[in-house]
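Please treat every number below as a calculation from the coordinates, not as lab data. It should be emphasised that the depicted structure is a prediction, and the values quoted were computed from it without experimental measurement. Backbone-built Cβ (ideal geometry, glycine too); neighbour counts: all protein chains shown.
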Amino acid sequence: MNARRDSESDTTKNRTTVEPKSEREIVVTRTFNAPARIVFQAWTTPELFKRWWVPKSMPLSLLSYEADIRVGGGYRLVFDVDGTKTMAFFGKYIEVTPHSRIVWTNDESGEDGAITTVTLEEKGDKTLMVLHELYRSKDVRDAALTSGAYDGMAETFGQLDEVLVTLGA
Amino acid sequence: MVHYSGARLDASFAALSDATRRGVLEQLGRADASITDLAEKFHMTLTGMKKHVGVLERAGLVATEKVGRVRTCKLGPSRLSSETAWIEGYRQVWGARFDELDRVIEELKRKENIDERKKR
């Protein structure tokens, strides 16, 4: 990243990067202009989580979200699909370490579910978040990426300028 | 990284914004297929599949060749892979989520600052 972008980071949005680390893994990174405890609070407080997990631009609406965020506790997200069906995502928390790490399972697709790990690392007055998804196999990962949840997103957001920057780098 | 011209990339992303077309690319990544095969696979009419393949072909993502009465499709010369497209879709979902999260965080920070001031 160049110096110009760094100096602008307080006034412009931080970039989200996605990288397929291996055939079974995807790594998402993002920096937030806040200490880790605030980012952690926004992840682990259901009323706050509900406000950001489903951005308005996503073609889904969240009907309910319940979460018991502690080791062994579970979560359940229910979405409305076209006003005709519902779709549920659920799993269990494997690890919850305040302000630094949350690990959960994604059990809606049974045995094939991915394990998601979120780590928060403070860097000065900012926090680097790394979200890591580990799938059972490449096929399962690819199926997840092509599943309905991401349909038409490129169209919806139309952030082609950002795509150009990514690909031209 | 390969450099793409803006117009080509535009066409590619338009082509890839559709789930069926991404599926077709994924399928062709495994093996070449005729338009009839693809239409059957994606439960669609021949005309419908021809349109999708046409969009992919214009974007350079698919190449077709007519041998006898069968038009065979294979991956085209464009190096923009279907994986790149999925990753972009995925990035946009997370990007949008985290932009919203920024708003929540800013609010929490402001609230904390007010609480701090009250304590003094």
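Per 0.36 nm of contour for each residue apart, how much would the distance between B:D99 and B:L46 grow if the chain were fully extended, relative to their Cα-Cα spacing? If you can, show how the numbers build up before the last one.
On the way: separation 53, 0.36 × 53 = 19.08 nm, distance 4.15 nm.
Once the chain is fully extended between B:D99 and B:L46, it gains 14.9 nm.
Arrange the peptides A:92-103, B:91-102 so that the one whose residues have, on average, the most other Cβ atoms within 10 Å appears first. Before the final figure, lay out the partial values.
On the way: A:92-103: 15.2, B:91-102: 21.2.
Going from most to least packed, we get B:91-102, A:92-103.
Tally Lys and Arg at +1 and Asp and Glu at -1 over the other residues with C-beta under 11 Å from the C-beta of A:G113: what net charge comes out?
For residues surrounding A:G113, the net value is -3.
Residues with amide H under 5 Å of A:N106's amide H, sequence separation 5 or more or different chain, H placed in the peptide plane at 1.01 Å from N; which?
Amide H to amide H, under 5 Å and 5 or more residues apart or across chains, A:N106 pairs with A:A114, A:T116.
Would you mind putting A:19-25, B:47-53 in packing order, based on average other-beta-carbon counts within 10 Å, highest first?
Working: A:19-25: 13.4, B:47-53: 16.7.
Highest mean packing first, the order is B:47-53, A:19-25.
What nm distance separates the two modelled labels at B:E116 and A:M87, each placed 7 Å from Cα along Cα→Cβ?
It is 4.1 nm.
List every residue whose amide H lies under 5 Å from the amide H of A:R101, counting only residues 5 or more places away in sequence or on a different chain, with H placed 1.01 Å from N in the peptide plane.
Long-range HN contacts for A:R101: A:L120.
Residue-wise, which Karplus ³J(HN,Hα) couplings in Hz belong to segment B:33-44, taking 6.51 cos²θ - 1.76 cosθ + 1.60, θ = phi - 60°, and x for glycine or proline?
With the stated coefficients, segment B:33-44 comes to 8, 7, 4, 4, 4, 5, 4, 5, 4, 9, 6, 9 Hz.
Any chance you could run the full-extension gain for A:E122 through A:E47? It's 0.36 nm times the residue separation minus the Cα-Cα distance, nm to one decimal.
Details: separation 75, 0.36 × 75 = 27.00 nm, distance 2.39 nm.
Net length gain for the segment: 24.6 nm.
Tally Lys and Arg at +1 and Asp and Glu at -1 over the other residues with C-beta under 11 Å from the C-beta of A:T127: what net charge comes out?
Details: positive: A:R30, A:R37, A:K123, A:K126; negative: A:E121, A:E122, A:D125.
My count for the surroundings of A:T127 gives +1.
For segment B:19-29, what does the Karplus curve 6.51 cos²θ - 1.76 cosθ + 1.60, with θ = phi - 60°, yield as ³J(HN,Hα) per residue in whole Hz, taken in order and with x for Gly and Pro?
So the J values, rounded to whole Hz, are 4, 5, 5, 5, x, 4, 4, 4, 4, 5, x.
From other protein chains only, count the Cβ atoms within 10 Å of every residue's Cβ in A:25-34, then give the mean.
On the way: counts 0, 5, 0, 7, 2, 7, 1, 5, 4, 8.
Mean inter-chain Cβ contacts per residue within 10 Å come to 4.
Efficiency by 1/(1 + (r/R0)^6): what FRET value for A:K13 and A:R136, r their Cβ-Cβ distance, R0 = 45 Å, to the nearest 0.05? Numbers along the way, then the final one.
Details: r = 33 Å, r/R0 = 0.74.
So the FRET efficiency works out to roughly 0.85.
Within straight cross-link reach of A:K13, meaning Cα distance under 27 Å, which lysines are found once same-chain residues fewer than 8 apart are removed?
A:K21, A:K50, A:K56, A:K123, A:K126, B:K109, B:K111
Across the residues of B:104-114, average count of Cβ atoms on other protein chains within 10 Å?
Working: counts 13, 11, 4, 4, 9, 4, 0, 1, 5, 0, 0.
Counting other chains' Cβ atoms within 10 Å and averaging over B:104-114 gives 5.
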